[in-house]
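Following: one structure in structure tokens, then a few remarks.
The values are calculated or read from the model by the stated rules, or taken from the named source; none is laboratory data. Model, not experiment: these values are computed from the prediction. Every residue, glycine as well, gets a Cβ built from its backbone with ideal geometry; the counts of neighbours run over all protein chains shown. Note: areas computed on protein heavy atoms with side chains; ligands, DNA, RNA excluded. Shrake-Rupley method; radii C 1.70, N 1.55, O 1.52, S 1.80 Å.
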Amino acid sequence: MSLAADKRAATTRDGDAPTSWDLDAIREDFPILQQQVHGVPLAYLDNAATSQKPTAVIDAVADFYRHDNANVHRAVHALAERATLGYEAARERVGHWINAAAASEVVFLRGTTEAINLLANGLGAGWRSGDRVVLTTMEHHANIVPWHLLRERAGIEIAVLPVTEAGELDLDALPGLLDGRTRLLALTHVSNVLGTINPVAEAVRIAHAHGVPVLVDGAQALAHQRVDVQALDCDFYAFSGHKMFGPTGIGVLYGKAERLAALPPWQGGGEMIRRVTFEKIRFADPPQRFEAGTQNFAGAIGLAAAIDYLAGLDADAMAGHEQALLRYATERLEAIPGLRIIGRAAHKAPLLSFLVDGVHAHDMGTLLDRKGVAVRTGHHCAMPLMDFYGVPATTRASLAFYNSLDEIDRLADAIDYARGVLA
């Protein structure tokens, strides 16, 4: 059990965070947050790009390599048996965490990007010219480029569900995009640029009423909220471990059992087969059918450790703390002259993208770094959304439950510093 799970008493500031959230104890669980950069304490506000890792995750991966390292599903010696048990236990843990109907609905992959590519290749194998996939304006490139490649190969069409100026999906327009040619709705759960929490369950309901299956890109969601795939009723849900305090190089594609069973394999190799001859191949059932070759089994065990860590936290207190951070950050940044926040959705994760008059986003990021404040700058792999707002790039501060109000003050002060340098 983590230190944070045992301590529930303090707040960062009276009235600004839940009384059950001991931020100091939480931060002690994350070694990297204790360091200094450029001679000042690190303020890590780039969590949407990748989150930091608690000691429990670091130790789980290190302990696996120290004591149990062997390839899974391939031998009967003691190390291999322990490794295989740990890998499949991780699958069970993930399935339970997202409330999959069975562990076999959990496919381990490198991350969200690979999961969507798997679907574009697997689903797309049966699509023909004129078939349609519906995306949204706020999609990450990982949920655009694979479908574009399929369009080039098979002649499919890409339709786009628009967003409002506030950064919310225009769900009223969705039924008009769903017809007999529509093969899939693919949308993000939480925008990596705007922080918008999309009404996924409602979008799924509308799509299913028209006989259209739904893929949800959940890369930005699971770090901030519990996800119940059965309650959402989505057909597929993809996410990455490194965004939710787990290791890099491990991710998940959840798929309803009947949906996965209908997909062909998209990579060939060991462990995804039942029988191989030079004349014929019989493929394994899901999920093994989609896990060709040596998997990141240490990463899967680390992902399970990240889930155990999250399960030890007070989910309501965590959400309250993050929303307190978002409110405070919004107020502080709105008070800065010439600063414009992009995205004003009613329901948001703790993330703010912004522009400052006369300051390019890349210059802003460089100057914030001088003050020890780590943010993301650029188009955030969402060029169509940048085009919608008519901007080339933004600065993005993305927060997590281990961030503090003091770090937001440092962000605001660093922005003022950058404005002074570049004025």
Listed by first then second residue, the pairs whose first member lies in segment 285-297 and is without any contact (Cβ under 8 Å) to a residue 60 or more places away in the chain and part of a loop (DSSP other than H, G, I, E, B), whose partner is open to solvent by 30 Å² or more (accessible area, probe 1.4 Å) and among the polar types (S, T, N, Q), with beta carbons under 7 Å and at least 6 positions apart or on separate chains, are ALA292/GLN267
For segment 382-393, indicate whether the set of residues that are in contact with a Phe, Trp or Tyr (Cβ under 9 Å, 6 or more places away or on another chain) and open to solvent by less than 40 Å² (accessible area, probe 1.4 Å) is non-empty.
no
Report every pair of residues separated by at least 6 positions or lying on different chains whose Cβ atoms are under 6 Å apart, first residue within segment 33-44 and within 12 Å of GLU407 (Cα to Cα) and touching a residue at least 12 places away in the same chain (Cβ under 8 Å), second hydrophobic (A, V, I, L, M, F, W, C) and not in a loop (DSSP other than H, G, I, E, B).
ALA43/VAL373; TYR44/ALA374
Residues of segment 127-186 being of a type in the set (A, V, I, L, M), assigned to a helix (DSSP H, G or I) and either open to solvent by 50 Å² or more (accessible area, probe 1.4 Å) or touching a residue at least 24 places away in the same chain (Cβ under 8 Å) (or both), which ones?
ALA142, VAL145, LEU149, LEU150, ALA154, LEU171, LEU177
Among the residues of segment 17-37, which ones are in a loop (DSSP other than H, G, I, E, B) and either at pLDDT 95 or above or surrounded by 14 or more Cβ atoms within 10 Å (Cβ to Cβ) (or both)?
ALA17, PRO18, SER20, TRP21, ASP22, ASP29, PHE30, GLN35
Taking segment 56-97 and the residues there that are among the β-branched types (Val, Ile, Thr) and open to solvent by less than 50 Å² (accessible area, probe 1.4 Å), the one that is nearest to GLY111 (Cα to Cα) would be VAL94
Within segment 241-258, work out how many residues are open to solvent by 10 Å² or more (accessible area, probe 1.4 Å) and within 21 Å of PHE401 (Cβ to Cβ).
4
Restrict the check to segment 164-171 and report whether at least one residue is within 23 Å of the chain's Cα centre (by Cα), farther than 24 Å from HIS208 by Cβ and of a type in the set (A, V, I, L, M).
yes
Taking segment 259-280 and the residues there that are in contact with an Asp or Glu (Cβ under 9 Å, 6 or more places away or on another chain) and open to solvent by less than 30 Å² (accessible area, probe 1.4 Å), the one that is farthest from VAL204 (Cα to Cα) would be MET272
Which one is farthest from ALA361 (Cα to Cα) among residues in segment 378-421 that are among the aromatic types (Phe, Trp, Tyr) and not in a loop (DSSP other than H, G, I, E, B)?
PHE388
Qualifying residue in segment 349-367 (condition: touching a helix residue (DSSP H, G or I) at 6+ places or on another chain (Cβ under 9 Å), assigned to a loop (DSSP other than H, G, I, E, B) and buried (at least 17 other Cβ atoms within 10 Å of the Cβ))
yes
VAL193 passes all but one of the listed conditions (1) among the β-branched types (Val, Ile, Thr); (2) in contact with a Pro (Cβ under 7 Å, 6 or more places away or on another chain); (3) buried (at least 23 other Cβ atoms within 10 Å of the Cβ); the exception is number (2)
